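The values are calculated or read from the model by the stated rules, or taken from the named source; none is laboratory data. Quantities reported herein were computed from a predicted structural model and do not represent experimental measurements. FYI the Cβ positions are ideal-geometry reconstructions off the backbone, even for glycines, and counts take in every protein chain you see.
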Amino acid sequence: MRMPVRVDGSALRDSKWSQYALRFLFGGIVTAIAGLVAQHYGPVIAGLLLAFPAIFPASATLIEKHEKQQKEKHGMSGTVRGRQAASVDAAGSAMGSLGLLVFAVIIWQFLPEHSAGAVLSIATLAWAVVSVSVWQLRKRRIGGSRGRRVGYSCLKLIIAMILASKMAD
Amino acid sequence: MIQILIRFLVGGAVVSLFALIADVLKPKSFAGLFGAAPSVALATLALTMATKGASYAAVEARSMIAGAIAFFIFASLVSWILMRYPFRALWVTLGAMPVWFVVAFGLWSVALK
């Protein structure tokens with residue numbers, strides 16, 4: 001069964017402010033650490049942290065707890081349901097990370113020569129377009145081995161670009 | 001010190017915004033896309049461009065590619081374990097965190113160092 005994308009505010013009503021404070025804290029700490037690492041070890045190491053799964057454990061725990069509570073409201077055990085929901089959410093994040101990869105490639109390739117605001121906006125838009133496209137392809141079960149081959153080719157191309165830029169340095 | 005505090009506040013705000021969007025979206029696999037939103041990257045790169053220039057930020061973005069590949073492997077592994085084994089999400093995500101570090105720093109040592 002194909003579920004349409006929709007907005008559902010029930011998770012907001014059931015969540016405590018401390019859960020959001022925790023995610024604010026983790027996000028803030030990682031951003032601050034990235035700055036400190038850049039100061040002490042330079043931008044090459046600090047850049048790795050820009051794709052660090054900072055709030056992933058907090059979010060996964062929140063989803064697991066929310067889905068478990070929903071199921072238990074109906075008198076059923078929600079342990080398995082909670083875990084499966086966290087698994088599905090993680091699969092979505094894996095798809096989103098492909099968008100994150102494209103985001104980074106666009107910034108790396110276009111930033112020094114073009115307007116910073118425009119490059120950041122286009123890269124963010126590209127993240128959204130790539131992530132949603134991968135999600136839709138996965139949902140419609142389009143791709144399969146051919147899709148994987150295209151994915152591996154793109155990955156090889158990106159690694160070749162990095163190695164070429166390293167040699168140019 | 002003030003710059004670190006600004007980074008903390010901006011980073012926390014951007015990350016929270018994307019997390020809020022993820023919380024209200026269904027189905028879960030779609031909401032999960034926002035778990036890999038460029039939230040820390042947007043906050044960091046915008047502040048880096050303002051203080052150290054675009055070339056410096058571009059170098060960070062090049063390293064971010066390795067971090068994103070590590071994120072993909074980390075999230076795929078977490079999803080796979082949670083679907084097959086009866087472990088709590090918190091322990092699986094924390095337990096898989098070293099995988100992110102190994103892949104990210106492994107790629108750094110091979111291709112970026």
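Yes/no matrix, rows are residues, columns are (1) at pLDDT 90 or above; (2) small (Gly, Ala, Ser):
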| position | (1), (2) |
| --- | --- |
| B:Gln3 | no, no |
| B:Phe8 | yes, no |
| B:Ala19 | no, yes |
| B:Lys26 | no, no |
| B:Tyr56 | yes, no |
| B:Ser63 | yes, yes |
| B:Ser76 | yes, yes |
| B:Ser79 | yes, yes |
| B:Gly95 | yes, yes |
Residue list for segment A:21-48, restricted to those being closer than 27 Å to B:Ser79 by Cβ, without any contact (Cβ under 8 Å) to a residue 24 or more places away in the chain and more than 7 Å from every other protein chain (Cβ to nearest Cβ) | A:Ala21, A:Ile33
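One line per residue, one yes/no per condition, for (1) in contact with a His (Cβ under 8 Å, 6 or more places away or on another chain); (2) among the aliphatic types (A, V, I, L, M); (3) within 23 Å of A:Phe110 (Cβ to Cβ):
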position	(1), (2), (3)
B:Arg7	no, no, no
B:Val14	no, yes, yes
B:Leu20	no, yes, no
B:Val24	no, yes, no
B:Lys28	no, no, no
B:Pro38	no, no, yes
B:Ala41	no, yes, yes
B:Thr51	no, no, yes
Select from segment A:46-56 the residues that are within 13 Å of the chain's Cα centre (by Cα), farther than 11 Å from A:Thr31 by Cα and part of a helix (DSSP H, G or I) and list them in ascending order.
-> A:Phe56
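Conditions (1) at the interface with chain B (Cβ under 8 Å from one of its Cβ atoms); (2) farther than 17 Å from A:Phe56 by Cα; (3) not in a helix (DSSP H, G or I), marked per residue:
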site: A:Ala86; (1), (2), (3): yes, no, no
site: A:Phe103; (1), (2), (3): yes, yes, no
site: A:Trp108; (1), (2), (3): yes, yes, no
site: A:Ser121; (1), (2), (3): no, yes, no
site: A:Trp127; (1), (2), (3): yes, yes, no
site: A:Val130; (1), (2), (3): no, yes, no
Of the numbered conditions (1) within 28 Å of B:Ser55 (Cα to Cα); (2) modelled with pLDDT under 90, A:Arg140 satisfies every one except a single condition; which is it?
-> (1)
May I ask you to list pairs of residues, at least six apart or on different chains, whose Cβ atoms are under 8 Å apart, with the first in segment B:100-113 being in contact (Cβ under 8 Å) with a residue 24 or more places away in the chain and the second being charged (D, E, K, R) and in a helix (DSSP H, G or I)?
-> B:Ala111/A:Lys166; B:Leu112/A:Lys166; B:Leu112/B:Arg62
Taking A:Arg148, is it at pLDDT 70 or above and either in contact with an Asp or Glu (Cβ under 7 Å, 6 or more places away or on another chain) or among the basic types (Lys, Arg) (or both)?
-> no
Does at least one position in segment A:111-128 carry a residue that is surrounded by 12 or more Cβ atoms within 10 Å (Cβ to Cβ), farther than 30 Å from B:Ala43 by Cβ and modelled with pLDDT of 75 or more?
-> no
Quick one: count up the residues across segment A:86-120 that are aliphatic (A, V, I, L, M) and either over 26 Å from B:Lys52 (Cβ atoms) or touching a Leu at 6+ places or on another chain (Cβ under 6 Å) (or both).
-> 8
